[in-house]
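Structure first, commentary second.
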Amino acid sequence: MKKFSFLLIFSLLLFTACKKDHVDATNTKTLQSSINDMTASLPTIKQIKFNEALYILKTFGVEADGDVAELKALGQLIDGKKVPEIMAMADQVAQKNGIEWASTAPPSLGEMNIFGNDKAKESDSNDVKANSLSITTRPTGDDGTGAPTALQIVPRLVDNAGNPVSFTGAGLEATLEVFSNGIKLSTAKNLMQDNNFKGFNLKFSSLPAAKVVDNKIDITVSVKTTAKTFKMTKIGLDVNPLLLKVPAAPKVDSTAVIQDPAVIDPNNPNATVPSATDPNAATPTTPAAPKQPAADPKSTVSGFLNNVSAQNLKAAYNSASNPNWGSYESFSNPTSGFGSVKNVSVKNITTNASNATSASVNATYDVTDKSGKTTSLKATFGLKNVNGDWKISSYKINP
């Protein structure tokens, strides 16, 4: 009996000794196992704060695209670190990114799980019920001449009627992507803890002047809830061209002697000088091409008409960015807008022209309004490549 008790105690000690008190990022399995060990050693409240800290570091502390890449980068960042060190790192990242979070504060981000288990829990604060996302933008600041210095971008989760939904205590990942002519210029992330979220302050001085075309930018904002990621795009937003970032001119040492590249180095007489035709000579980097849309542009037009027919006007409005249609309220007006439509019967849709950045689609269809009157229309839809998605940018009814 004593021998059995000794073996039992020895086994328990061995099991305890095998538990890790630091991160082992050898691979994803050891990363998860070591984090589970560290979490299990903490009181319940500190377990929640530790998970929040890991989420802060994964979302804002590393530069990577996609959950798998972010997880790998997180492992490299915290490999060998213990709980207090990870908490301190999360405090620094939160402060740097202007996030209202602290390791010493009560839990505030809902259910956090960096290993991608998005299944909603009974008490999941991130399982926010919404229909779509709206974006409000407004110029802010003053450069001294009355021109703005930044753009305030505020997303809101809204219901079927377009009204903001109410929620608190969440930790929704909000991402802002900035483009110009289809080329991504920057990405920013923040946490939406309620629907009073202050949004993003995009300083014009952070945008490279050489990549901003026609002094206009496009933005895409996405907000990730437990069940769904909501996304909305706005195109053609004006920037202040005088404040765009321009590379500093290289410093020239006036005392330096300019060396003729054709002169042979006496210390290396066998050296060769690359010529303009040298195939091994370095070549300028070609700017990245705009992201090619995966879908046929007529699919966007078809979806738009189907949504109008079903009176899913929010989805129809979000598939377009046509300045002539104005705000969603104007677009969905039951008298003068698409809110007056009862049914759309599509007869034919064809892609008239298409390239990497724009397309033209012709559509023939019958529109029945809510008074029962049916009108046959032939229309041409202009579309623009916005971040790899086709967006309706113009609309013309043909004779």
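Only loop residues by DSSP count here, and only those with at most 16 other Cβ atoms within 10 Å; note down the chymotrypsin sites (Phe, Trp or Tyr not before Pro) in the stretch 28-117 that meet that.
Numbers: sites: F50, Y55, F60, W101, F115; in loops: W101, F115.
Those satisfying the criteria are F115.
Which whole-Hz couplings ³J(HN,Hα) result when phi for each residue of the stretch 146-159 is put into the Karplus expression 6.51 cos²θ - 1.76 cosθ + 1.60, θ = phi - 60°, listed in order with x for Gly and Pro?
x, 8, x, 10, 7, 10, 8, 10, 10, x, 9, 7, 10, 8
Which ³J(HN,Hα) values in Hz, rounded to whole numbers, follow from the phi angles of the stretch 49-55 under the Karplus curve 6.51 cos²θ - 1.76 cosθ + 1.60, where θ = phi - 60° and Gly and Pro get x?
Values per residue, Gly and Pro as x: 5, 5, 5, 5, 4, 4, 5 Hz.
If you place +1 on the Cβ of every Lys and Arg, -1 on the Cβ of every Asp and Glu, and leave all else neutral, what size is the dipole of the stretch 353-399 about its Cα centre, to the nearest 20 Debye?
Taking the Cα centre of the stretch 353-399 as origin, the dipole is about 100 debye.
Once neighbouring chains are kept in place and the probe is 1.4 Å, which whole percent of the accessible area of the stretch 135-194 is contributed by carbon and sulfur?
Carbon and sulfur: 44 percent of the exposed surface of the stretch 135-194.
Using amide H atoms built 1.01 Å from N in the peptide plane, name the residues 5+ places from S180, or on other chains, whose amide H lies under 5 Å from its own.
The answer is L185, D218.
Just check the stretch 308-399 against the gyration tensor rule for me: Cα atoms, a ≥ b ≥ c as the square roots of the eigenvalues, rounded for a/c under 1.5, and otherwise prolate or oblate depending on whether a/b exceeds b/c.
Oblate is the answer for the stretch 308-399, as a/c is 1.5 or above yet b/c matches or exceeds a/b.
Taking the mean number of other Cβ atoms within 10 Å as a proxy for protection, how do you rank 24-36, 380-392, 308-320 from highest to lowest?
Numbers: 24-36: 16.0, 380-392: 21.7, 308-320: 19.6.
Top of the packing list down: 380-392, 308-320, 24-36.
Is the C-alpha gyration tensor of the stretch 142-201 telling us rounded, prolate or oblate? Criteria: a/c under 1.5 is rounded; beyond that, a/b larger than b/c is prolate, otherwise oblate.
Numbers: a/c = 2.05, a/b = 1.61, b/c = 1.27.
Prolate, because a/c is 1.5 or more and a/b exceeds b/c.
The values are calculated or read from the model by the stated rules, or taken from the named source; none is laboratory data. Values in this document were obtained by computation on a predicted structure and should not be read as measured data. So basically every Cβ, Gly included, is an ideal-geometry build from the backbone, and we count neighbours across all protein chains shown. Ligands, DNA and RNA are excluded from the accessible area calculation, which covers all protein heavy atoms including side chains. Shrake-Rupley method; radii C 1.70, N 1.55, O 1.52, S 1.80 Å.
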